[in-house]
Each structure stands twice: as C-alpha cells, then as structure tokens.
Amino acid sequence: MLFGRKRKGSNTLEDNLAEWREIREGKKTVVDSDEGQDKEGQCFVVTAVYGSPLAQEVNTMRTFRDEFLLRYQAGRLFVSTYYKLSPTVAQFISNRRPLRSFLRTVLLAPTVSMVKMTRSRWSR
C-alpha cells in the first residue's frame with residue numbers, strides 16, 4: 001500500500017526499509033492479522049515526500065488506510081502490493097528535493113485533499 005507500518009522500537013527510515021526488504025524477499029510475512037491497525041504506522045512514500053512521519057498529511061493517509069482500505073479485499077490487496085513496492089520508491093525520492101516537491105504538488109496534495117473532503121463517506 002502507499003503506507004507501511006513503523007517497526008516497533010525503530011524511528012529511522014533506514015530501519016523500516018531494511019524490514020521491508022525482508023518482506024519483499026519473503027523472509028517476513030506482509031500482512032499480519034492486525035496489519036495497518038498500528039497508529040504509529042509509517043507511510044513510506046508520503047513520509048518521504050513530506051519529510052516527517054509527523055506531518056498532518058501522513059496521518060490523514062494513515063487514517064484512510066486503517067479506516068477504509070483495510071476494510072475491503074481490494075484495499076488489502078492494494079496495501080499488500082504497496083508494502084512490497086513503497087520502500088524502494090521512498091528511498092529513491094527521499095534525497096531528491098525537486099522530485100519530492102513535484103510529487104507533493106502534482107500527486108499527493110490532491111490525493112490528500114480528496115481523502116479529507118470525502119472523509120464523512122468512508123470514516124467509521
């Protein structure tokens with residue numbers, strides 16, 4: 001999914017990326033029974049673009065994942081696929097300021113705005 005879970009006891013993107021490499025290589029399972037329910041979950045791509053796991057936009061997308069996407073099979077499939085792909089994408093964009101700015105403006109800002117505007121339709 002566009003959002004990964006933060007490792008317990010870990011606060012760095014590098015630590016989280018290492019865990020997701022293990023998932024991608026099949027050394028760890030991708031979806032646990034409580035996947036996405038950890039409110040500390042990190043959204044790799046959104047975090048890389050906005051520069052902080054504390055950004056309001058990260059929290060908005062994390063809430064969307066937890067309250068909407070994970071309720072449906074298609075959403076869970078999207079999340080699982082995202083878990084496999086997003087660490088590599090986040091690592092690529094994290095040190096490229098022009099790309100982060102472009103993605104923030106063209107992709108994520110409109111997406112986050114749409115999620116916020118439609119919250120009353122999908123929120124529990």
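Just a few scattered comments:
- When each of Val58, Val106 is tested for being closer than 25 Å to Arg124 by Cβ and either in contact with a Pro (Cβ under 9 Å, 6 or more places away or on another chain) or aliphatic (A, V, I, L, M) (or both), the lone residue that passes is Val58.
- The listed residues are Pro53, Pro87, and the only one of them that is modelled with pLDDT of 65 or more and outside any helix (DSSP H, G or I) turns out to be Pro53.
- Of all the numbered requirements in (1) touching a helix residue (DSSP H, G or I) at 6+ places or on another chain (Cβ under 9 Å); (2) farther than 17 Å from Phe44 by Cα, Leu103 misses one, and that requirement is (2).
- Selected residue (only one of Phe92, Phe102 is without any contact (Cβ under 8 Å) to a residue 12 or more places away in the chain, in a helix (DSSP H, G or I) and under 20 Å from Ala18 (Cβ atoms)): Phe92
The values are calculated or read from the model by the stated rules, or taken from the named source; none is laboratory data. Predicted model only: the values in this text are computed from it and were never measured. Neighbour counts are summed over all protein chains in view; Cβ atoms, including those assigned to glycine, are modelled from backbone coordinates with ideal geometry.
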